[in-house]
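Since the structure comes first, as structure tokens, the remarks are kept for the end.
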Amino acid sequence: MNLLALDTSTDSMSIAVQRGTGDGTTLWQHNAAGGAQTSTHLIPEILRLMALAQLRFEELDAIVFGAGPGSFTGLRTACSVAQGLAFGADVPVLPVDTLLAVAEEARWLADNAQTIAVTALLDARMDELYTADFAFADGNWTPVRGCRLIKPEGLGWNGSDVLAGNVFDGYGERLPNLPTRITALPTATALLRLAPARLVAGGAVPADQALPTYIRDKVAQTTLERAATKALAGSVP
């Protein structure tokens, strides 16, 4: 398969292009700081990797993006870029769960484990985490417990082999003390490894139907509500 994958759901920007050949696949990738740099660097880096792969967008089987949960701005950026490129090239878009991509990256870092249970974690800011549980066996991932938004102390332990994600520096002491912790991000290469099975399962959608996955859907209102609360408190004698 010819695939383009991108993820900007965290403070990192990850892009990868896969070109299918008669002997397998060849991969080009770019990982760098994201955040404010994403808006200026994402599309030029995509174009650079596509040129290295000698691929036109019309030759892609799909454009894969990390759909969330994650940074609101990052998710909107990845989705809109994937939509725009896919619409112009008339190719489908494949949204992929970023927590599943974290689990896949952790599995890969654990020596390409063939059987593993992972609790995936991403920093949701505001002293909260996004988390979900997955199990890998027989070449496939199975959801064990869906995505939820929790305080670090609310995680508990449900039998996973590994905690994986980007949360250990900030919240490590408040999480279950499992012997195996793997720092992992939802990389574009993890998205590429997940993509074939999800394409076969019918996960691709037309460009205009691709949407980010927002778990916390009241960030803007919450910020305004906090400001209003402070203003109200300041007006009380």
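The values are calculated or read from the model by the stated rules, or taken from the named source; none is laboratory data. Keep in mind that what you see is a predicted model, and the values were worked out from it rather than measured. Glycine also receives a Cβ, built like all others from the backbone with ideal geometry; neighbour counts cover every protein chain displayed. Accessible surface areas use protein heavy atoms only, side chains included; no ligands, DNA or RNA. Shrake-Rupley method; radii C 1.70, N 1.55, O 1.52, S 1.80 Å.
Residues that are assigned to a strand (DSSP E or B), under 16 Å from Leu178 (Cβ atoms) and either in contact with a His (Cβ under 9 Å, 6 or more places away or on another chain) or touching a residue at least 40 places away in the same chain (Cβ under 8 Å) (or both) within region 138-164 comprise Val162, Leu163, Ala164, listed in sequence order. Every listed requirement among (1) in contact with a Pro (Cβ under 7 Å, 6 or more places away or on another chain); (2) closer than 17 Å to Ile150 by Cα is met by Ala86 save one, (2). Reported count of residues in region 1-36, each being over 24 Å from Leu99 (Cβ atoms) and not hydrophobic (A, V, I, L, M, F, W, C), is 9.
Taken as a whole, the structure places Gly165 among residues that are surrounded by 11 or more Cβ atoms within 10 Å (Cβ to Cβ) and modelled with pLDDT of 95 or more. Farther than 12 Å from Ala164 by Cα and under 14 Å from the mean Cα position of the chain (by Cα): is that true of Thr77 in this structure? So Thr77 fits the description; yes. If the condition is being open to solvent by 50 Å² or more (accessible area, probe 1.4 Å), touching a Ser or Thr at 6+ places or on another chain (Cβ under 9 Å) and assigned to a helix (DSSP H, G or I), then region 168-192 contributes only Asp169.
For region 87-112, the set of residues classified as surrounded by fewer than 24 Cβ atoms within 10 Å (Cβ to Cβ), farther than 30 Å from Glu59 by Cβ and touching a residue at least 40 places away in the same chain (Cβ under 8 Å) consists of Leu109, Ala110, listed by residue number.
Results for (1) more than 30 Å from Arg181 (Cα to Cα); (2) touching a Ser or Thr at 6+ places or on another chain (Cβ under 7 Å); (3) open to solvent by 10 Å² or more (accessible area, probe 1.4 Å); (4) in a strand (DSSP E or B), shown as yes or no for each residue.
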position	(1), (2), (3), (4)
Thr25	yes, no, yes, yes
Leu52	yes, no, yes, no
Ile63	yes, no, no, yes
Thr73	no, no, yes, no
Gln114	no, no, yes, no
Ala120	no, yes, no, yes
Ala124	no, no, no, yes
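Assess whether Gly202 counts as being open to solvent by 30 Å² or more (accessible area, probe 1.4 Å), in a loop (DSSP other than H, G, I, E, B) and at pLDDT 95 or above. When the stated conditions are applied, Gly202 passes them. Kindly indicate whether Ala195 is modelled with pLDDT of 95 or more, within 15 Å of Ala103 (Cα to Cα), of a type in the set (A, V, I, L, M, F, W, C) and open to solvent by less than 50 Å² (accessible area, probe 1.4 Å). Yes; evaluated as a whole, the condition is true for this residue.
With respect to the conditions (1) under 21 Å from Ser14 (Cβ atoms); (2) modelled with pLDDT under 95; (3) hydroxyl-bearing (Ser, Thr, Tyr), Thr222 falls short on a single one, namely (1).
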